[in-house]
Structures are given as C-alpha cells and as structure tokens.
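Q: First the structure, which I've put down as structure tokens, then a few questions once you've had a look.
Values in this text are rule-based calculations from the coordinates and carry no lab data. Keep in mind the model is a prediction, meaning the values are calculated, not measured. So basically every Cβ, Gly included, is an ideal-geometry build from the backbone, and we count neighbours across all protein chains shown.
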Amino acid sequence: MQTPTPRLILGIDPGLRITGFGVIQITGNQLAYVASGCIKSNEKETLPERLRTIAEDIQSIIAHHHPDDVVVEKVFVNVNPQSTLLLGQARGAAITAAVLAGATVYEYTALQVKQSVVGHGKAAKEQVQEMVKRLLKLATTPQADAADALATAITHAHSRQGLGAIASELLSSKKVRQRGGRLM
C-alpha cells in the first residue's frame with residue numbers, strides 16, 4: 001500500500017484590521033497543526049499601506065511554509081456596505097499575494113466552513129474555536145481569527161477527501177464539466 005503524500009494547506013480569514021492565518025498538514029485523513037497567527041494592520045496607516053502589510057505578510061508566510069493549497073474565506077455582505085468593500089479589499093490583497101507567489105487559491109463561504117467544522121452553518125465563533133482545538137489536538141484554544149483561518153484550511157482538507165476528491169479527479173480528467181457549481 002502506498003503511503004499518502006503530506007500536503008500543506010494555508011487558510012486565510014481576511015480582515016482589514018486583523019487577518020487570521022493557519023497552516024495545517026494533511027496526510028491521508030490525518031490532520032496536523034503547523035502554524036497560525038494574525039496579521040494586524042495599523043489603523044493609523046492609509047488603506048494602501050494596510051493592504052501592503054497584508055499582502056507582504058501573506059507572501060512571507062507562503063515563502064516560509066510553501067503550502068500546496070491556499071484557502072480564503074469568501075466575503076459575505078454586511079449591513080454596512082463600506083465594511084463589505086474594505087473587507088473585500090483585504091481579501092483581494094491576500095488572494096493577490098497568494099497568486100503572485102504561485103499558489104493555487106480555493107474559496108469557501110463562512111457557512112461552508114462552519115458546516116464542515118462544527119456541523120451547522122450558524123455556529124458561534126466559540127464553537128468553531130473549540131472544534132478547531134479538538135480536531136487539531138491543540139493544548140490551547142486559538143485566537144478567533146486564527147481559528148477561523150484554521151477552520152477554513154480544515155474545510156479544504158475535508159473537501160479533498162470523499163466526494164470533493166472524486167469531483168476534483170473527474171474535473172481534471174475532463175470526463176465531466178462543472179456548471180453553476182454542479183458537475184455535469
């Protein structure tokens with residue numbers, strides 16, 4: 001039997017003030033914690049300077065860990081459109097940094113992440129933190145933004161197994177095509 005190849009996954013929870021990141025390793029169906037933390041931008045800096053901080057730090061993390069996949073949480077629309085736009089710009093800085101580093105980028109909604117990690121899409125942040133702690137066998141609970149990033153990476157790891165892996169294999173073999181998120 002062939003030994004599964006370990007894969008590193010970098011999860012990113014974008015935010016203009018705090019961008020969480022988390023790196024996990026998946027070998028077969030075993031998850032292992034590698035690193036996590038938060039990128040904090042200075043609120044006194046201009047928007048371009050804050051976006052540069054996010055992009056440069058993401059590039060540095062990618063250069064240090066060399067992830068196989070980068071996963072970014074999709075933006076949801078807030079009540080405040082200005083907040084949504086700022087969040088989208090932080091997300092764009094993170095995605096651009098990953099793409100410029102040559103990484104493949106995947107995206108999941110917060111609902112998909114919570115469903116995958118906790119079991120229901122309306123889970124509280126504390127529930128996500130606790131499940132990340134349990135799934136990765138951590139001694140302490142990670143900070144909320146780092147936990148969200150780790151949860152995003154875990155979601156991608158889960159999607160690469162089971163039906164997600166089958167779908168990826170079928171798409172790459174050109175035996176099926178995808179339309180509107182469905183396999184045809």
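Q: Of T5, T152, how do they rank once you tally other Cβ atoms within 10 Å and put the fewest first?
A: T5, T152
Q: I'd like the trypsin sites (Lys or Arg not before Pro) in segment 33-69 restricted to DSSP loop residues with at most 13 other Cβ atoms within 10 Å, sorted by number.
A: Filter output for segment 33-69: K44.
Q: Based on DSSP, what percent of beta bridges with both residues in segment 7-177 are antiparallel, to the nearest 5?
A: Beta bridges within segment 7-177, antiparallel portion: roughly 65 percent.
Q: I've got another one for you. Hand me the tally of lysine pairs in the chain: alpha carbons under 15 angstrom apart, and the pair either on different chains or 8 or more positions apart.
A: 5
Q: OK, next. Using only DSSP helix segments of four residues or longer, with each worth -39500 (n - 2.57), what per-residue ellipticity at 222 nm results for the chain after dividing by its residue count and rounding to 500?
A: Calculated at 222 nm, the ellipticity per residue is -15000 deg cm²/dmol.
Q: Kindly state, to the nearest 0.05, the FRET efficiency for Q2 paired with T84, given R0 = 45 Å and r defined as their beta-carbon distance.
A: 0.50
Q: Using only alpha carbon pairs under 8 Å that are at least six residues apart, calculate the relative contact order of the chain and give it in whole percent.
A: Answer for the chain is 26 percent.
Q: Also, I was wondering about something else. Taking a ≥ b ≥ c as the square roots of the eigenvalues of the Cα gyration tensor of segment 35-90, is the shape rounded (a/c under 1.5), prolate (a/b larger than b/c) or oblate?
A: oblate
Q: What residues of segment 3-17 lie in the reach of a label at K137, counting those whose backbone N is under 19 Å from a point 7 Å from the Cα along Cα→Cβ?
A: 4-9
Q: If you don't mind, another one. For each of F76, F21, count neighbouring Cβ atoms within 10 Å of the residue's Cβ, then give the residues from fewest to most.
A: Listed from fewest to most nearby Cβ atoms, that is F76, F21.
Q: Rounded, prolate or oblate: pick one for segment 5-55, where a ≥ b ≥ c are the square roots of the eigenvalues of its C-alpha gyration tensor, a/c under 1.5 means rounded, and failing that, prolate if a/b is larger than b/c, else oblate.
A: Because a/c hits 1.5 or more and a/b exceeds b/c, segment 5-55 counts as prolate.
Q: What is the fewest-to-most order of T19, T27, T155 by other Cβ atoms lying within 10 Å of their Cβ?
A: Final ranking by Cβ density, sparse to dense: T27, T155, T19.
Q: How large is the Kirkwood hydrodynamic radius of the chain, in angstrom, based on all distinct alpha carbon pairs?
A: Computed over Cα pairs of the chain, the Kirkwood hydrodynamic radius comes out at 16.9 Å.
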